[in-house]
Amino acid sequence: MSGALAVEDLRVYYRTDRGAVRAVDGVSFSLARGESLAVVGESGSGKSTLGLTLIRALPANASVVSGRVYIEGEETLSLSLTDFRRRYSWRVISMVFQGAMNSLNPVLKVGDQIAEPLIYNGETPRDEARRRAMEMIELVGLPREFYYRYPHELSGGMRQRIVIAMSLVMNPKILILDEPTSALDVTIQAQIINLVKELIERFSLSVIFITHDLALASDIADRIMVMYGGQIVELGSAERVLGEATKHPYTEKLLASIPRLRGETIPEFIPGRPPDLASPPPGCRFHPRCPYVFDRCVKEEPPLFKVGEGHVAKCWLHGE
Amino acid sequence: MEEVIRLEGVKKYYEVRSGLLGSKILKALDGVTLSIRKKETVAVVGESGCGKSTLGRVSLRLLDVTDGRVFFKGQDISMMREEELRAKSFRKKMQIIFQDPYSSLNPFMRIGDIVAEPLEIHGYRREEIREAVYRALEDVKLVPPEEFVNRYPHELSGGQRQRVNIARALVLGPEYIVADEPVSMIDASSRAEILLLLKSIRDSREMGVLYITHDIATARYVSERVAVMYLGEIAETGLTTSVLKTPIHPYTILLLNSVPEPDPANRRRRRPVIKGEPPSPLNPPSGCKFHTRCPVAIERCRIEKPALTEYLPGHFVACHRAEEIMRGALSVT
């Protein structure tokens, strides 16, 4: 394993009163060093569960049913949680959680919150941790004095910068960003995206960028992985997935649903609703909503077919 | 077409306590004039805190105005007492659709009862209620209605729930609807469905719609006219086609530029940004409120507030440099 991260046949199910919900259901992919991979999907696609699995932060009712996760070559799902936290959390892999900017501790100075992992995980002396936190605050484009501010004194964009500073304070190699801009105005979103790009380059980060927004994905991603109903339906370079290349019908329709500022196209929609992952439809999980559905799609689940160089799609249209 | 809503120089100020004894004035709306006709949608676009939601609520008289006037079908309702608003059926004729389809539906009520509730409050008879509920559900394409009336909100997708919200707003036969970010919490693949639905219902029921959004790209598909707001004022307004094709106000130009399109080339360039964040409405800048973030601001902008002026037919801009920008003598980006 020379990559930053590799996932093999991962299955993560939630226990619910309706039975097992298969949030992530047979997902395999790898992330090269220095690569940015966007994981794109709508609610219930499994993209956030995937992120939480990688950093071993799943809620109590979720369990990893099968699969392996290699970080820098070492399998990490089999490590004890204590071991994982001590050796990997924050220092090798860290995550900017969805909505984290609204989950900052309201009674702690933001600087102390940034310094916290250094003190608890790294046994860094307090003044050293404070200095490092101030450095990070500056790095995300805020004045050092912001160390002493409380979350309510900051705007949403500033809080998001703080959360990003926090995720990078222990110099991780892999960063997972889960919808880091979804609660922000488009003008602030642009600022945060530019910051993220700068930081990726500066720290040579390998990035997993989780988003529902293909346009936003195109800002960051070298490759795009489209998820639907807990599975990968398409994976390929940003050029191929967003461009003219053959693609999965779901990706095609998702792209067509984006309202454009220019051109004459009217945005389309995908009729129906995402599958119930407690009892997913047989065959291809997208078949009830697919405009190109035929017999085989209803009966048999398609594998990921190669549709181009480094480009796969889980669709019978592209198979034998 | 007949005018449904008209706002004239509407101001909405709040007194905000600051310090021990002092107080400050927050100008949420500072002189907004706007009208909406039957079968017309006006989109109000702006960042959070620009006053767009306040505008929607003031237009419905859910909030009282501080100054200025609100007319519903030609009648001044800005000072009208609640009893009179009800007696004249104005309350029924003006409705709102909220942003969040998850928290705006009572989880313990069936869809049929949720949609029927406004009718029950207004004392309709059972047969009338059933008919109006079924018609509303059909209008929002929750069909067949008999299949949906007995379901609970958790059994529906976000898009379907938002359609329940729309149906609930429709049952009383409104002539004016405020749609406050109706699709921002809905999956991308369902957004267009809701927006197109709103448009067709607007036409079939001959309503006027105020569409409040932060997403200027969606405004293009649903609205005939658009108003871009910044810190409680209209910066630019006109036909949607004109404003999107020929934006003149620097704020509109930059706002349009910051909307990402799915293009792999994006990752090799920086997103164009508007520097800084919107200033606090408690302490708004002098002159043109946008001058602190405007790349082409001059001394005059700091001192003198620009008036909304017509630069193209029906297309108004509040900017001292609008003429130069329109001529192409000045580039904002």
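The values are calculated or read from the model by the stated rules, or taken from the named source; none is laboratory data. Since the model is a prediction, treat every value here as computed from it, not as a measurement. Quick reminder, even Gly has a Cβ in these numbers, built from the backbone with ideal geometry, and neighbours come from all protein chains shown.
General remarks:
- None of B:Gly276, B:Gly287 is within 14 Å of chain A (Cβ to nearest Cβ), assigned to a loop (DSSP other than H, G, I, E, B), without any contact (Cβ under 8 Å) to a residue 24 or more places away in the chain and at positive phi except B:Gly276.
- Meets criteria (crowded, with 23+ Cβ neighbours inside 10 Å and modelled with pLDDT of 95 or more) for A:Leu199: no
- Some residue of the range A:223-238 being in contact with a strand residue (DSSP E or B) (Cβ under 7 Å, 6 or more places away or on another chain), surrounded by 19 or more Cβ atoms within 10 Å (Cβ to Cβ) and at the interface with another protein chain (Cβ under 7 Å from one of its Cβ atoms): yes
- For the range A:169-179, the criterion of being at pLDDT below 95 and within 13 Å of chain B (Cβ to nearest Cβ) is met by at least one residue.
- Residue list for the range A:248-283, filter: within 12 Å of chain B (Cβ to nearest Cβ) and over 20 Å from B:Asp187 (Cα atoms): A:Arg262, A:Gly263, A:Glu264
- Residue in the range A:233-244 that is within 26 Å of B:Leu196 (Cα to Cα) and part of a helix (DSSP H, G or I) present: yes
The rows are residues; the columns are (1) at pLDDT below 95; (2) of a type in the set (Asp, Glu).
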| position | (1), (2) |
| --- | --- |
| B:Thr54 | no, no |
| B:Thr66 | no, no |
| B:Met94 | no, no |
| B:Asp100 | yes, yes |
| B:Arg110 | no, no |
| B:Asp113 | no, yes |
| B:Ala116 | no, no |
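- Residue pairs whose Cβ atoms lie under 6 Å apart, sitting 6 or more positions apart in sequence or on different chains, and linking a residue in the range B:250-273 that is within 7 Å of another protein chain (Cβ to nearest Cβ) to a partner that is of a type in the set (Phe, Trp, Tyr) and assigned to a helix (DSSP H, G or I), do not occur here.
- In the range B:134-147, residue nearest to the chain's Cα centre (by Cα) [restricted to those that are more than 13 Å from every other protein chain (Cβ to nearest Cβ) and not charged (D, E, K, R)]: B:Val140
- Within the option set B:Glu233, B:Glu224, being buried (at least 18 other Cβ atoms within 10 Å of the Cβ), over 15 Å from A:Val186 (Cβ atoms), more than 9 Å from every other protein chain (Cβ to nearest Cβ) and modelled with pLDDT of 95 or more holds for one residue only, B:Glu233.
- Residue count for the range B:148-159 under the criterion of being outside any helix (DSSP H, G or I) and either within 14 Å of chain A (Cβ to nearest Cβ) or closer than 24 Å to A:Gly44 by Cα (or both): the result is 4.
- Listed by position, the helices (runs of 4 or more DSSP H) inside the range B:30-122 whose residues that are among the polar types (S, T, N, Q) and either closer than 22 Å to B:Arg202 by Cα or under 17 Å from the mean Cα position of the chain (by Cα) (or both) number at least 2 are B:52-59.
- Odd one out for A:Ala215, checked against (1) out of contact with any Ser or Thr (no Cβ under 9 Å at 6 or more places or on another chain); (2) surrounded by fewer than 22 Cβ atoms within 10 Å (Cβ to Cβ); (3) modelled with pLDDT of 95 or more: (3)
- Among (1) without any contact (Cβ under 8 Å) to a residue 40 or more places away in the chain; (2) touching a strand residue (DSSP E or B) at 6+ places or on another chain (Cβ under 6 Å); (3) of a type in the set (Asp, Glu), the one test that A:Asp83 misses: (2)
- Enumeration of residues in the range A:174-206 that are touching a residue at least 60 places away in the same chain (Cβ under 8 Å), over 29 Å from B:Gly51 (Cα atoms) and either outside the structural domain of A:Arg223 (by TED's automatic domain parsing) or aliphatic (A, V, I, L, M) (or both): A:Ile174, A:Leu175, A:Ile176, A:Leu177, A:Leu199, A:Ile200, A:Leu205
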